[in-house]
1. Limited to segment A:63-105, what total is found for residues that are part of a loop (DSSP other than H, G, I, E, B) and either closer than 30 Å to B:Thr30 by Cα or of a type in the set (Lys, Arg) (or both)?
2. Inside segment B:127-154, can you point out the residues that are without any contact (Cβ under 8 Å) to a residue 24 or more places away in the chain, more than 7 Å from chain A (Cβ to nearest Cβ) and over 14 Å from B:Gly104 (Cα atoms)?
3. Just the residues that are under 16 Å from the mean Cα position of the chain (by Cα) and in contact (Cβ under 8 Å) with a residue 12 or more places away in the chain, please, taken from segment B:113-126.
4. Does segment A:1-28 hold any residues that are closer than 16 Å to A:Val92 by Cα and free of Cβ contacts under 8 Å to residues at least 12 places away in the same chain, and which are they?
5. When the residues of segment B:39-62 are narrowed to those that are aliphatic (A, V, I, L, M) and open to solvent by 30 Å² or more (accessible area, probe 1.4 Å), which ends up farthest from B:Asp97 (Cα to Cα)?
6. Which of the residues spanning segment B:29-47 are more than 10 Å from chain A (Cβ to nearest Cβ) and part of a helix (DSSP H, G or I)?
7. Check A:Ile50, A:Ile60 and return the single one that is assigned to a strand (DSSP E or B) and either more than 14 Å from chain B (Cβ to nearest Cβ) or among the hydrophobic types (A, V, I, L, M, F, W, C) (or both).
8. When you scan segment A:63-89, how many residues do you find that are within 21 Å of A:Gly105 (Cβ to Cβ), open to solvent by 40 Å² or more (accessible area, probe 1.4 Å) and within 8 Å of chain B (Cβ to nearest Cβ)?
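The values are calculated or read from the model by the stated rules, or taken from the named source; none is laboratory data. Not measured: the values here are computed from a predicted model. So basically every Cβ, Gly included, is an ideal-geometry build from the backbone, and we count neighbours across all protein chains shown. Quick note on the areas: whole protein, heavy atoms, side chains included, nothing else; ligands and nucleic acids left out. Shrake-Rupley method; radii C 1.70, N 1.55, O 1.52, S 1.80 Å.
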Number of protein chains: 2
Amino acid sequence: MPQLSIRPAIRDDITTILALSIGGNAPGRTNIDDAEDAQNDDYQRAFDLIEQDPNNLFFIAELAGEKVGCMQINLLQGLAGRGRMRAQLEGVHIRADHRGKGLGGEMIEWAIAFAKSKGAGMVQLTSSKNRPDAHRFYERLGFDRSHEGFKLSL
Amino acid sequence: MPQLSIRPAIRDDITTILALSIGGNAPGRTNIDDAEDAQNDDYQRAFDLIEQDPNNLFFIAELAGEKVGCMQINLLQGLAGRGRMRAQLEGVHIRADHRGKGLGGEMIEWAIAFAKSKGAGMVQLTSSKNRPDAHRFYERLGFDRSHEGFKLSL
């Protein structure tokens, strides 16, 4: 039985998304965000750009009317794989006090179904190497840990 | 001294991009692409979608007028990191007979500068676990191999 209700994020959700991101980051990650500062131009302009991009989608997951999770899905059209589109997940977070109830799995299954409905041929994501629990979670959901993920901060 | 000239891909480059992708894939990867079939709707429609998306950019690298490399850069606007934009590299390929001359490094340095010029705060990519040579290459360029890359084919 699905427990979550998943809907597109609206501007009023910025505070929630920041709070979920800060609470859900990999250990040791420095946070420069402040959920209380959602009205700041940094976030408002970012939300404008996301809203203008039909391939950049943010979702909020609600449980009994309460916001308990979020994720971003980018639809990336490619040429290889006979013009394969990839759906990329980023910023997948479940509120700390709601973990361990299967909500994360439900959110990812929803994302996979969403990706299929858009015609994507692959779902991909990266997960910090210091989150072995998250790696087992994605492998249980059928993902192949086939790649190394490289990041360069500018 | 830069050797490469890098420019946006045009529709006539589809054959080149497919040939570079097929030649540059990780060992064992099954190819369903055919560079001779660039006129096929699969590729033409994909190119239409890429052209319509200002955040999805394909580039061709030329050496003395010859096409020797390609890469895709997706600009991914986020909310976390004070509205950080990520530039994601995908399908980075140098023609087999032109490897080992520093062209790959030059192409990635160009991509990093391009990402900066767009205001991105991070460059990211994944590389197949069976390409240790590529991993050393990206680490030499300053990338941090901090993440596991998960893929699920649909």
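1. Count: 6.
2. B:Pro132
3. B:Phe114, B:Ala115, B:Met122, B:Val123, B:Gln124, B:Leu125, B:Thr126, listed by residue number.
4. If the condition is that a residue be closer than 16 Å to A:Val92 by Cα and free of Cβ contacts under 8 Å to residues at least 12 places away in the same chain, then A:Asn25 is the only one that fits.
5. Among residues in segment B:39-62 that are aliphatic (A, V, I, L, M) and open to solvent by 30 Å² or more (accessible area, probe 1.4 Å), the one farthest from B:Asp97 (Cα to Cα) is B:Leu49.
6. Matches in segment B:29-47: B:Ala35, B:Glu36.
7. Criteria check complete, one pass: A:Ile60.
8. 0
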